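One structure is given below, encoded as structure tokens.
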Amino acid sequence: MNIFSHFEGLIGAALQDLVANGKLPAGLALPAVTVEAARDQTHGDLATNIAMVLAKPAGRNPRELAAIIAASLSKLAEVVKVDVAGPGFINLTLDPLVWTRTVRAVVTPGAEFGRSDVGAGEKVNVEYVSANPTGPLHVGHCRGAVFGDALASLLAFTGHDVTREYYINDAGAQVDVLARSAFLRYREALGEPIGVIAEGLYPGDYLKPVGAALARSHGRKLLDMPEQDWLPLVRAAAIAAMLVLIREDLAALNVRQDVFFSERSLTAAGHDRVRETIEELRTSGYIFEGRLPPPKGAPLEDWEDREQTLFRATAFGDDVDRALIKSDGSYTYFAGDMAYHRDKLKRGFATLIDVWGADHAGHIKRMQSAVTALSAGKGALDVKICQLVKLFRAGEPVKMSKRSGTFVTLREVVEEVGRDPVRFMMLYRKNDAPLDFDFAKVTEKSRDNPVFYVQYAHARAHSVFRNARETYPDLDPQGVEIRSSPVEKLVDEGEIILIKRISQFPRLIEQAAAAHEPHRIAFYLYDLASDFHGLWNRGKDAPHLRFIREDDRPLTAARLALVEAARGVIASGLDILGVQAPTEMR
């Protein structure tokens, strides 16, 4: 049961009655009703701004209109009090039985509680990680990987048809650098001294196995070839090896993708989809030949003033038109990205979500412009920027540098602290805010460590069930007796607070999915865990509030239903985030 949707329906019906009774103008187009939890619980349980939204089209003063609507809502059996506040907010105080019956509405569907069909099967493409295949993933890729994976799970939970995608940047100059770096390790494997690795090449030890594999496959044959002949062979082998590393890194973090799309495939097998994209946009009037001014702040001697093929990005609000073909005839990165997003659109995705690193923030407008042009305004691209992650060890910064070969890999972080702390903490900040990750703090067993605190709440719920079986061996936490327990006995203030928090879960899920913000779930779970731990602690101090009452089996059943409701919501939320819900903590 989504209590917010339920009352939106009741208020909508009340508005219809007011129109039918002549208290609201006939022919009035009624807006969508929104109901939220009241910010100040002393003012009530739920709040709606429907009177302020409806005031102008109805031609009425907001507070006057709110009073009319409030009078109608006061007749609802589930409402015990209605107040008008401020410029026209309507606050509802509900019958306590509304909340206690919510417990039964949670435990009956179990893991399905909160699941939604608001996505209505809409096809959504979520592209994330998409790191250059030049080495293992480092911690800088970790945040985008976790964010994208959790967002995809959230959208699937709300009824979207989600495809998880990785774009392999295997057509740029960086993979030629990779090939030359691997060739150096190939020579090393054959026993040649390679000395200090030249600046500009990848120096990491992760390329040594690639060199050894090339030596086993080709012997010394590659040494006798000119670079133009050995480069494609080594490049293909190195990319394949790096993709194996990347997939293993992602698996260690429990991140998966359905599609690995090769950039090189856009121009492979005589089928140039980049050229097709340019010509399609030219037909639509978005491609022209022209000149660009030099970039602001760029040295004029480095600027080549020439006529070139441009995308009319300024038609969509970008600050400058964008080049598609370089002076040597090759395509710009942007041209390839346009062709790739065109391919997504042709696969039937109207909603595209790209998860990018902070260094790509300046490319958002041009890419959104291209998607608008390619889809004739029917497609939408939402780019989510993941800001940098700073590593600390007990407060001391941890340095990393990919090119020096001393970077901290994603695998190293997971192996040191575990997958769950990494995933949860990567989501415990909004994606576009910087994040500090301290190896020591994420393994603390305290309230200050959010992942421990939430997982402990789930494990503590299971401990309650184990203890209950000692008193009532035949009382099944998922059984009929719990689902049909007398939940009206749940009248303590702490119990009602916990129930209200649990009731927010379906609305929170829908809002997080609509905003593409999975971090909201992490925040919510911490608050839910806090309410649950608070109630448990009150029972420790006051025996009559304990979950298990040896002298009152019906009350015990009702309280176990509440524990199961909290446990189930925590488990569902953690599952969306890709974090385990343990039954005990060691």
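The values are calculated or read from the model by the stated rules, or taken from the named source; none is laboratory data. Since we're looking at a predicted model, the values are computed, not measured. Because the Cβ atoms are built from the backbone with ideal geometry, glycine has one as well, and the counts that use them run over all protein chains shown. SASA here: full protein model, heavy atoms, side chains in, ligands and nucleic acids out. Shrake-Rupley method; radii C 1.70, N 1.55, O 1.52, S 1.80 Å.
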>> Starting from 0.36 nm per residue, how many nanometres of slack lie between A542 and D474 once their C-alpha separation is accounted for?
In response: 21.9 nm
>> Only four residue types carry charge here, +1 at the Cβ of Lys and Arg and -1 at the Cβ of Asp and Glu. Report the dipole size of the chain about the Cα centre in Debye, rounded to the nearest 20.
In response: 340
> In region 437-530, what GluC sites (Glu not before Pro) fall in a loop by DSSP, with at most 14 other Cβ atoms inside 10 Å?
Replying inline: E444
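Tell me the trypsin sites (Lys or Arg not before Pro) within region 230-319 that lie in a loop according to DSSP and have at most 11 other beta-carbon atoms within 10 Å. Show your work: numbers first, answer last.
Values: sites: R235, R247, R256, R264, R273, R275, R282, R291, K296, R306, R312; in loops: R256, R291, K296, R306, R312.
Passing both the DSSP loop test and the Cβ count: R291, K296, R306.
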> Could you name the lysines in cross-link range of K81, using Cα to Cα under 28 Å and dropping any fewer than eight places away on the same chain?
Replying inline: K23, K56, K489, K500
> Whose amide H sits under 5 Å from the amide H of K384, counting only residues 5 or more places off or on another chain, with H placed in the peptide plane?
Replying inline: D354, V355, W356
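Compute the Cα gyration tensor for region 434-476, then decide on rounded, prolate or oblate, letting a ≥ b ≥ c be the square roots of its eigenvalues: rounded whenever a/c is under 1.5, prolate when a/b is larger than b/c in the other cases, and oblate in all that remain. All intermediate terms of the calculation are to be shown ahead of the outcome.
Details: a/c = 6.11, a/b = 4.08, b/c = 1.50.
Because a/c hits 1.5 or more and a/b exceeds b/c, region 434-476 counts as prolate.
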>> For a quick check of your reading of the filter: which trypsin sites (Lys or Arg not before Pro) in region 46-85 sit in a DSSP loop and have no more than 10 other Cβ atoms within 10 Å?
In response: K75
>> Taking 0.36 nm per residue of sequence separation and subtracting the Cα-Cα distance, how much length would be gained by fully extending the chain between A77 and A251, in nm to one decimal?
In response: 57.4 nm
> How much of the accessible area of region 251-349, in percent, comes from carbon and sulfur atoms when a 1.4 Å probe is used?
Replying inline: 50
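Restricting to Cα pairs below 8 Å that are 6+ residues apart, what does the relative contact order work out to for region 372-477? Please round to a whole percent. Walk me through the intermediate numbers first.
On the way: 89 pairs, mean separation 26.7, N = 106.
So the answer I get is 25 percent.
For region 316-434, with only Lys/Arg (+1) and Asp/Glu (-1) charged at the beta-carbon, what is the dipole magnitude about the Cα centre, in debye rounded to 20? The partial results should precede the final answer.
Numbers: 20 positive and 15 negative charges, 38 e Å.
Here the size comes out at about 180 debye.
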> Just how far, in whole angstrom, is region 435-501 from region 53-86 if you go by their alpha carbon centroids?
Replying inline: 38
> Could you name the lysines in cross-link range of K399, using Cα to Cα under 16 Å and dropping any fewer than eight places away on the same chain?
Replying inline: K390
>> Could you tell me which residue out of N132, M52, L73 lies farthest along the dipole of region 38-146 toward its positive end? Charges go on the beta carbon: Lys and Arg +1, Asp and Glu -1, centred on the Cα centre.
In response: M52
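Run the numbers on the chain and let me know its relative contact order in percent, using alpha-carbon pairs under 8 Å that are six or more apart.
Details: 945 pairs, mean separation 92.1, N = 586.
About 16 percent, as a whole number.
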> What fraction of the DSSP beta bridges in the chain is antiparallel, stated in percent and rounded to the nearest 5?
Replying inline: 50
>> Tell me which of Y472, Y526, L555 sits at the most positive position along the dipole axis of region 455-586, charges placed on C-beta atoms (Lys, Arg +1; Asp, Glu -1).
In response: Y526
> Over region 85-144, what percent of the accessible surface lies on carbon and sulfur atoms, probe 1.4 Å?
Replying inline: 56
> Once you sort the root eigenvalues of the Cα gyration tensor of region 251-297 as a ≥ b ≥ c, which label holds: rounded (a/c under 1.5), prolate (a/b larger than b/c) or oblate (the other case)?
Replying inline: oblate
>> Give me the three principal axis extents of region 289-403 from the C-alpha atoms, as integers in angstrom, largest value leading.
In response: 56, 45, 25
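Given an 8 Å cut-off on Cα distances and at least 6 residues of separation, report the relative contact order of region 247-333 as a percent. Before the final figure, lay out each step's value.
Details: 74 pairs, mean separation 14.4, N = 87.
Here the relative contact order equals 17 percent.
Can you show me the helix-derived [θ] at 222 nm for the chain, built from DSSP H runs with n ≥ 4 at -39,500 (n - 2.57) apiece and divided by the number of residues, rounded to the nearest 500.
Details: 19 runs with 272 residues, N = 586.
That comes out to -15000 deg cm²/dmol.
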> With each label point set 7 Å from Cα along the Cα-Cβ vector, what nm distance links E493 and E412?
Replying inline: 5.1
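Could you check how much of the accessible area of region 435-565 is carbon and sulfur, as a whole percent, using a 1.4 Å probe? Walk me through the numbers before you get to the answer.
Details: 2600 of 5370 Å².
Ligands and nucleic acids excluded, carbon and sulfur give 48 percent.
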>> Under 28 Å between alpha carbons: how many lysine pairs meet that in region 254-384, if sequence neighbours fewer than 8 apart on the same chain are excluded?
In response: 14
>> Assuming 0.36 nm per residue, please report the length gained on full extension of the stretch T283 to E227 beyond their Cα-Cα distance.
In response: 16.1 nm
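Rounded to the nearest 0.05, what FRET efficiency do A380 and A268 have when you use their Cβ-Cβ distance and R0 = 35 Å?
Working: r = 29 Å, r/R0 = 0.82.
Computed FRET efficiency for A380 and A268: 0.75.
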>> Could you tell me which residue out of I570, I497, H516 lies farthest along the dipole of region 474-586 toward its positive end? Charges go on the beta carbon: Lys and Arg +1, Asp and Glu -1, centred on the Cα centre.
In response: H516
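Roughly how many Å² is the accessible area per residue of the chain, as a whole number, for a 1.4 Å probe? Let's see the in-between values first.
Numbers: 26320 Å² over 586 residues.
Roughly 45 Å² per residue, with all protein chains present.
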> From the Cα gyration tensor of the chain, with a ≥ b ≥ c the square roots of its eigenvalues, which class applies: rounded if a/c is under 1.5, or else prolate if a/b is larger than b/c, or else oblate?
Replying inline: oblate
> What does the charge dipole of region 368-437 about its Cα centre add up to, to the nearest 20 debye, if the Cβ of each Lys and Arg holds +1 and the Cβ of each Asp and Glu holds -1?
Replying inline: 180
> At a Förster distance of 35 Å, what's the computed FRET efficiency of A394 paired with E584, Cβ-Cβ distance as r, to 0.05?
Replying inline: 0.80
